Structure formats: C-alpha cells, structure tokens
Amino acid sequence: MSIIPDEKVNEVRERASIVEVVADYVSLRKSGANFQGLCPFHGEKTPSFNVNPARGIFHCFGCGVGGNAITFIMKVEGLSFPDAVKFLAKRVGVTIEERPPTPQEKRRLDEREALYRINDLAAVFYRRVLKEEPAGEAGRRYLERRGVDEATAEAYRLGLAPDRWDALTRHLEQQKVPLGTAETLGLIRRKEGGGYYDTFRNRLLFTIADAQGRPIGFGGRVLDDSLPKYINSPESPIYPKSEVLFGVNLARQAMREEGAAIVVEGYFDHLPLYQAGVRHAVATCGTALTGEHLKLLQRYAGKVYTLFDSDSAGRKATCRAMELFLDGALPAFAVELPTGEDPDSFLKKEGSGAFADRLAKARPIFEWFFRHVVRETNVGTVEGKVSVVEELAPRLKKIGNPVERDLYQKEIARVLGINERALARKIGGAAVAAGEFSPPPRGKKRSGTGTEDMLLALMGKYPEVAGKVVEYGVANLFPAEFLPVAEAIIAQTRQGQEVDWALILDRVGSPEERSRLASLFVDDVHLEEIDVHKAFEQCRLSRERELLKEQDAKSLNRELAQLDSDSERYWEILRTLDTLRNKKSQLL
C-alpha cells in the first residue's frame, strides 16, 4: 500500500503536463494532434515516440513502451512509483501530505537515509584529500600517470584514503556519526581490543553510486603493485551487489540514446571508455553478472556488448554472461580485443576510432562462444566433434528465435562436417550416438577407371603424360595414397625405361589395392586409340573439381571458424574461398 494518498497521486497526474515533462528529456515537434520525437528508451533515427497531450499519455511505436507522466519518469529516471510521484509533485507544486508512516516504516526510512548521508560524508572526505591535501599528492601523481583528467575525476567522485589507520574514523566522529552504523557500511572495522580503524588506507577510491547518483559503496585500488589490488565495500542495506553496476548513474542517458550498454569488468576498464567519449558503459563491481544486473540493464538498453579481458579469465566471464543473456532473451554481443590488451591499453595504443571498429565487428555472443569452443577443441576427431555438440546443444536450445536457431544449426553442422538431422535431434533432447553425427555418405569412391586410376594408366603407356603430370605437379593430381605409385612411374619414364609394373605394385602397401591396380594395369587395350591430351585434360579438371570440394568443405572453412574476423588470415581465406567458388563455376 502506498504511503501517498490516492487523491494526491491523481492531482499530480492531472497537473503534470506530459508534454512539458517529456520535453525535459526529448526534443519534441508538433505533428497533428500529437508531438513526436526520438525515443529515449531505444536507439532510432526516425521519430516513433508520440505524446498525446489531450489524453496525457505517450507511446513509442518502435519499442512499444507507453504510459503516462508518472510511468515516464519511473522509466527515464529509474525510480519507484512513490519516488516518481514525489519527483513530479515538486515540479508541479503539489504538497504531498503523506499519511504518517508506521513506526517500522519510519525507522527503516530513517536508517536508509542515515546510511546514504554517512557514505556521502565519506565520499566528500576522500575527494577533499585527493584534490586538496598533501596526503593526496601520491594519488594525484598516479592519476596523472594514467592520463585521468580532472573533469573525469570529478564525474567519478574519485578520492583518496590517507595512509593512516583512523583518518576517516576521526572525521566521522567529528561529524557525530554513530560508528556502529559506519561499520555496517564497511567504512570502518572494529578492533579486537575495542575501538575502530579505517577499512580503506592508502588507496585510490572509486565512489559506487546507484542510478540516482547516491553513494552506496566504494572500491579502493592500491597505488603500487601490492596485494590485494582492490578492496570493495561489503554488501549493506543500500548496497546489494547483485543488483548494482558501477557507472550506471553516468551511463543511463547514453544507454537510452544508443539503445545499448557495454559491460566491462572493472573501474579502470570503465574510466578510459568514459574519458574517450564512450558513455554507455557500466562495470561489474568485483562480482559476476547476475539476473538482477540484466533487469537493470533492460531498463535502459535493448542490447548488451560484453567487453572483458582477452585472457582466460575474461573468456570464462564471457561464457558465464552468455548463459544469462540466453536465459534472459537479451541480445548480446562479444567485443574482442587483441591478446594481452584491455580497454585502457587498447584505447591508449589504437584510439577511439579503432575501438568503434571493434564494437561494430562484435559477434553475437553465441557465435563467439561457438567459435571459442571450436578453437579450444580438436574438431578433427569424432570425439572432438561430439564434445563441441555437447557444449553447444543446451545453449542453442535457449535461442528463442527459430530462424536464428536454424541458421546456427546449419552453420554448426557445416563447420563440424556433421549430420544436421542428428544435431537437430540432439538439440531437441533426444539421445544421439556418436556415429550418427557422421554426414550422409556421398557414395563410395568408384574403383577401376577413376580419375587417379586413369592417370596412372596413361602415365605408364604414354611418357608424355608423365611429363605433363610433373609439369602440373604430381601432388596436385594425386592424393597421398597414390603418390608412391605415381612417383615411381615418373622415375622410370624419366630414365627412358619401360614401366616395370611388378616393381610398381611392390610400392603398394595394401593387398586389396595392389590387386585392384593389377587388374587395371594388366590390360591397356582400351587406351590404344585414345586422345591422350584430351584424356589428360579431363583427368586434370576432374581432380581439380575434387580438390575444390575438399578445400571448400573441410580445411578452409574449419580454419575460418577458428579465426578472429579482424585477422589478416581470416580475410585471406575469404578471398581464397571466393576464388575457389569462381574456379568451380568455370569447371562445372
């Protein structure tokens, strides 16, 4: 039950002009009876956000969000219903005479306000030390070395905890703050023998704020290489870590404008992005992403980019995040940086333009996961392919869009060279044996007078054909198992000798293959009146077609799946495949 009387809620709703309220956030233009503008809740270039002043409502035909002045403020400011009513009441001059809260409600509200006030006192104290006092000199030099300007330090409310055991404790005592309450926030800790000492000492302090910019916690970083590198405030009544993302107060408007959010791992991943003008980024505060974090992001953005370190820990964080995004049906993309780089180092080396290119090339997070698993697994074996399918199937099943899921299914089957129907059954939950993943048989290779057999026979009867084989390249015309026989024939014809077929057959290891070739070589009457040059050309073209098929379906595509899209080799393979497709069309 709301503490605000219903009649006051109605008065606020009636007196708040929705056009004036919305116009504080959106540039509106008259369009017939309505006003139109670009929606603040998703990125768009053509206005689809409509405000109807006569009815006091708004609606976006792009993302579907709609409501009245109160619901608009709730969404745009991230406020609860009572807080949104109070926000508008101050604007329109309505005095909210709330019913007296119950003793329990009053105590809870007073306690929360006291916690916000204490954190604000701490933030002001730390900021003053960093900005003005001699004790903050080391922090100022540290920020200068890292290229952090004063405007950014002010926006982040950066501070410094002095290298003393009781600097903040004494300050809070002077401000008549109950130290037991400050302990609840993790600002100070109780000594075993009595009294308190500061939690943060000789550390650069990041102020962690809620969506309204109120300080709810701190993250402290050392100024050297000592450990632990970071200390964060513990959970408290105003700091539920699983629901808080660092920088959301700085990013919420930009996230609405971009229709997207970038999630990074830490404070010094977030800060350089902000300073480079990338304002729609938020960071986790020493915790993994949670479902509550996703709900927070969905208030402001329609899609998310993950930007984690390129090391093993960063890849694991991306994998964990993917599970959440798939479960929450929130479109997500993985931004990849070169090995060993983080956002800070990459921006310093390459600049914001290169970062924008990386963002534009970000892969859908499931595609990133698929390629990551393929890179980490030996997909040249049946066991490897089955292992990849086992990893992908339960995740692929979570993709709600059937068209997207079907396209991924086809791509996985193509890259792995497996039976698509068996993959579909596996995704559907059916038990599938390893052997069922083998692609449908293309038919046994014809024995007798196949392409390689015909070439061997021609080489043995016509020395000029052996010369053409050498000219074209024996390895280009024969698979590995035929090379010993072909090379033996070439060696004999070069010496001007007649081919010793008995000696040639000794080069064949398999008794079955030896018998087959013997049946081929025992009689060459069918080659008497043949057009030798035309026959060679037909064999060459046939072999080239086979090579194209093998290259296209196996090695090149498999290698392509394991490469980053920005690597030189990735684009080299794409060009090669394009050339091969052109050649194939000419050969067919």
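The values are calculated or read from the model by the stated rules, or taken from the named source; none is laboratory data. As the structure is a computational prediction, the values presented were derived from the model and not from experiment. Using ideal geometry, Cβ is built from the backbone for each residue, glycine included, and neighbour counts are taken over all protein chains shown.
Check segment 88-109 and report whether any residue there is closer than 30 Å to residue 239 by Cα, among the hydrophobic types (A, V, I, L, M, F, W, C) and at pLDDT 90 or above. Yes - at least one qualifying residue is present in segment 88-109. Among residues of segment 66-116 being in contact (Cβ under 8 Å) with a residue 12 or more places away in the chain and among the basic types (Lys, Arg), the one that is nearest to residue 257 (Cα to Cα) is 75. Residues in segment 151-179 that are β-branched (Val, Ile, Thr) and more than 36 Å from the chain's Cα centre (by Cα) were compared, and the one that is farthest from residue 237 (Cα to Cα) is 169. In the set (1) under 30 Å from residue 188 (Cβ atoms); (2) polar (S, T, N, Q); (3) in contact with a helix residue (DSSP H, G or I) (Cβ under 9 Å, 6 or more places away or on another chain), residue 104 fails one condition alone, (3).
The set of residues in segment 471-487 being among the aliphatic types (A, V, I, L, M), surrounded by fewer than 16 Cβ atoms within 10 Å (Cβ to Cβ) and touching a residue at least 12 places away in the same chain (Cβ under 8 Å) is empty.
If only residues of segment 343-357 that are within 13 Å of residue 281 (Cβ to Cβ) and in contact with an Asp or Glu (Cβ under 8 Å, 6 or more places away or on another chain) are counted, the one that is surrounded by the fewest Cβ atoms within 10 Å (Cβ to Cβ) is 344.
In segment 117-127 there is at least one residue matching the filter, namely being over 16 Å from residue 205 (Cβ atoms) and not assigned by TED's automatic domain parsing to the domain that holds residue 269. Checked against (1) surrounded by 15 or more Cβ atoms within 10 Å (Cβ to Cβ); (2) part of a loop (DSSP other than H, G, I, E, B); (3) over 35 Å from the mean Cα position of the chain (by Cα), residue 182 passes all but a single condition, namely (2).
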